[in-house]
Every structure is written in structure tokens, then in C-alpha cells.
1. Among (1) on the phi > 0 side of the Ramachandran plot; (2) touching a Phe, Trp or Tyr at 6+ places or on another chain (Cβ under 8 Å), there is one condition G67 misses while meeting the rest; what is its number?
2. Can you tell me how many residues in the range 337-395 are farther than 19 Å from M210 by Cβ, touching a residue at least 60 places away in the same chain (Cβ under 8 Å) and of a type in the set (V, I, T)?
3. I'd like the full set of residues that are over 19 Å from S164 (Cα atoms) and either without any contact (Cβ under 8 Å) to a residue 60 or more places away in the chain or aliphatic (A, V, I, L, M) (or both), limited to the range 98-107.
4. All but one of (1) outside any helix (DSSP H, G or I); (2) within 14 Å of the ligand (Cβ to nearest atom); (3) in contact with a Leu (Cβ under 9 Å, 6 or more places away or on another chain); (4) not aromatic (F, W, Y) hold for R258; which doesn't?
5. Do we find that L84 is closer than 28 Å to A230 by Cβ and under 18 Å from the mean Cα position of the chain (by Cα) in this structure?
6. Could you please find all residues in the range 13-59 being assigned to a helix (DSSP H, G or I), touching an Asp or Glu at 6+ places or on another chain (Cβ under 8 Å) and surrounded by 18 or more Cβ atoms within 10 Å (Cβ to Cβ)?
7. Quick one: is G167 out of contact with any Phe, Trp or Tyr (no Cβ under 7 Å at 6 or more places or on another chain), under 24 Å from P87 (Cα atoms), at pLDDT 95 or above and small (G, A, S)?
Amino acid sequence: MDFTTPEPILQLAARVEQFVQDEVIPLETETQHGATLSKARLAEVRAKAKAAGLWAPSMPAELGGLGLSILEQVPVFEAAGRSLLGPLAIQCNAPDEGNMHLLERFANDEQRERYLQPLVNGDRFSAFSMTEPPPGAGSDPTMLRTTARRAGADWILNGHKWFSSNGLVADFLIIMARHDDDSHAHQGATLFLTPIDAPGIEIIRDVPTMGQQDFGGHIEMRYHDLRLPASAVLGEPGQGFALAQHRLGPARLTHCMRWTGIAQRALEIATDYASRREAFGKTLAEQGVIQSMLADSDIELHAGRLMTQQAAWLLEQGERARRETSICKVFVSESVHRILDRAIQICGGSGYSRDLPLANWFETARAFRIYDGASEVHRMVIARYLRRNYGAVDA
Ligand SMILES: Cc1cc2nc3c(=O)[nH]c(=O)nc-3n(C[C@H](O)[C@H](O)[C@H](O)COP(=O)(O)OP(=O)(O)OC[C@H]3O[C@@H](n4cnc5c(N)ncnc54)[C@H](O)[C@@H]3O)c2cc1C
């Protein structure tokens, strides 16, 4: 692959970084101590992002976005990700970004007009509702228990979901359910689109979590005889798992891009602190041990960026890149954790305090090793590839 990032993309990334610095980072004080950004504040900063020509980088121009390919998104999403609020401000945040990608690929004309366009415009929010409490689908999606039963031309859904991110603000859901007449979950799962206020959807609670309170929460809900018309099906009945994979591959990489922005900023904070703070007659930055920690973080950031670029490039070539996206997800999620941990250590008591944003990021980043496939599951995928290619057994 060619590692040169085109000049216009570098310039765009620089503009996004400046926007985040000037307009987004000042808003971080409003999200301390469990508070979330108000909808009014979000609308203000989003209007500025649109006026600055930074809106919806991954969506095509005809929908109002910047039309970046996934490879071009790498530096731009990293720049946005320098604040946890940056991706929300310029419309490349999870889960809306992954949902837009899914709808852009598979929604029909009516669904595009009803769900996709308002989502791209920032007038609506969405949630992806796949994970279920035990004993339902979690790491193993084939354990899906939410059922979809045909009733004439309609479908009736029943089930129990949780961790549907954005559910507190979502206007609509993308629900994964399995057909109750089909015992083979892989073939019998379907994605459905529905307004969240449809009769039969019971919101139980926002699941409390560690880390920064997410703008849209992570809700638990039940579906009680939720009746949906045939037009609610995304793609074709039975395509649920295939469509979800189309969403999850790029979504894993975009998480890597955004978290690289936070890890880079953490390294800058740690370097700044180490350069000013003196102990035992010299600055911390002059101590070999601290230099080693800073360098390790830089090495991991560099490796993570290259892995992300390479996996994105493979996706652009039309490859599934299943192994490479798993490698990237494991490496970046775990290295971001180490980079944040080192930054806290270097900044000492200040690092542990809430005076700096490091503690908040450290807690919030913890989920990255769990969502969109836990590290163990991705290692299983990588090992399956190794066993297939080099092992004696069929895996
Ligand atoms: C902040 C956050 C946001 C989320 N947002 C969404 C969302 O928007 N929509 C949605 O549908 N879901 C969402 N999820 C759910 C997430 O995708 C699941 O938590 C994840 O898939 C793991 O499923 P589980 O929690 O049921 O864990 P389990 O399946 O119970 O697994 C628990 C642990 O077991 C281990 N494990 C699992 N399989 C293996 C294996 N094969 N080998 C070794 N160890 C293994 C792993 O360490 C794993 O962490 C979110 C989760 C979090 C934390």
C-alpha cells in the first residue's frame, strides 16, 4: 500500500484538530462529574462544525457529508477523537456513524429518506440493538433469543436487550432478531428498523457504567409483541448476521481511529508534565525511565496507526480483512489502555485526580476492550486463521 496521506486529507485533519481545540475541548468542563453535554450545547457546536465544512466526514456528499473513504477517515477521525466530544460534534460518533454506514449500504429508498437522511443531518439519533443479557447474545451472537414471528405481512418481535448505546436520545432502533420458525440462527436473523416510541418497546433503564456518562447512555429494554411492517426489514429477511458484519468491520476500525486521538492527547499531556516537573535535580523528562515510558507510548501509537491504515486499505480493496481488523482492535484497545495508564503514572497525583482528563479517559477506554468484540474473542478469530493455515485440524 501507499502510505502517503493526500495533502487535502492532511489539511482537513488539521482543520478538524483546530476545531476540536477551539470549540470542543472548552465544552469538556460541562461533562465532568457524571454530567452529559446538553442537547442545546451540542446543537450549537454542531452548527459551527457544519459552517466550518467539517460535517459527517464519512457520508457521501449527496447526503451532506464529506465523502471520505475509510482510509481517508483515519487521520480525520483521530483528530476528532482528541476529545470524547469531538466525534459527536462533527458527526462521526458511535453508534450513529456505524449505523449511517450500514443504512447507506443497505437501506432502500424509503428507509434512506425516513431514517438515513435525518440521521446524517444530525436531526435524529439512532441505536443498534443486538446485545442481550445472559443467557442471550453477547460475545456469541448466535445465542440470539429475541424472536421475530411472521404475522401475515407483519412481524411480531419479543425479546430483551441491553447496552443499546444512544438509547436515551435515539429516535429509532436497528434491532437484531431471529425468526422463531428457524432453528439455524445464522440464517434466521434479520435486522429491523423501528421508531423507538413504537408500541411494545419498554425502556427499562440506562445501565450505569464506569467512565464518562455517554451522551445517549446504554439502555436496557424489552420488546413485548412489537408489531413491525414488512417495510421495517433492513436488507432481506435472514441477512441479519451478514449485514451486522458489514457494520462491525469498519466500526471496529473507526473506534481505533477515535481512541488514537485520545491516546495521542494523553501522551502530549504526560510529555508536557514530565518536561516541567522536576524531581531529584532534573526534570522527569530527563529521567531515563520516564523517557522509556514516553517512547513506548509513541511506539504503540505509531504501530496502531499503521495497523489501522492497513486494515482500512484492505477493506477498500474489497477484502473482509477479518484477521487484520481483529489484530487492529486487540492491539489498539490494549495499547490505548497502556498509554493512558503510563500517562497517569507520569503525571503522579495530578494524573489520578480529576483536574486532568486522564482518569476519565482511562475509565471510559476500559469498555473498548469489551465492546465490538472482547479481546479474547478477537484472539480466537486470529487463532482460527492460524489453525486454518498452519494447524493440523479444520477450525
Ligand atoms: C460501553 C458499551 C457500549 C456497548 N454498546 C453496544 C451497542 O450499542 N449495541 C449492542 O448491541 N451492544 C453494545 N455493547 C455490548 C457489547 O458488544 C458486549 O458487551 C460484548 O459483545 C460482550 O458481550 P457480553 O457483555 O455479553 O459478554 P459475555 O459474552 O458474557 O463475555 C464475557 C467475557 O467472556 C470472555 N469471553 C467471551 N468469549 C470468549 C472466548 N471465546 N474465549 C475466551 N474468553 C471469552 C471475554 O473476556 C468477555 O469479556 C456495548 C458494551 C459496552 C460495554
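The values are calculated or read from the model by the stated rules, or taken from the named source; none is laboratory data. Not measured: the values here are computed from a predicted model. When we count neighbours, we look across all protein chains shown, and the Cβ atoms used for this are built from the backbone with ideal geometry, even at glycine.
1. All conditions pass for G67, except number (2).
2. The total comes to 2.
3. E104, A107
4. For R258, the failing item is (1).
5. In short, no.
6. A13, V45, A49, listed by residue number.
7. yes
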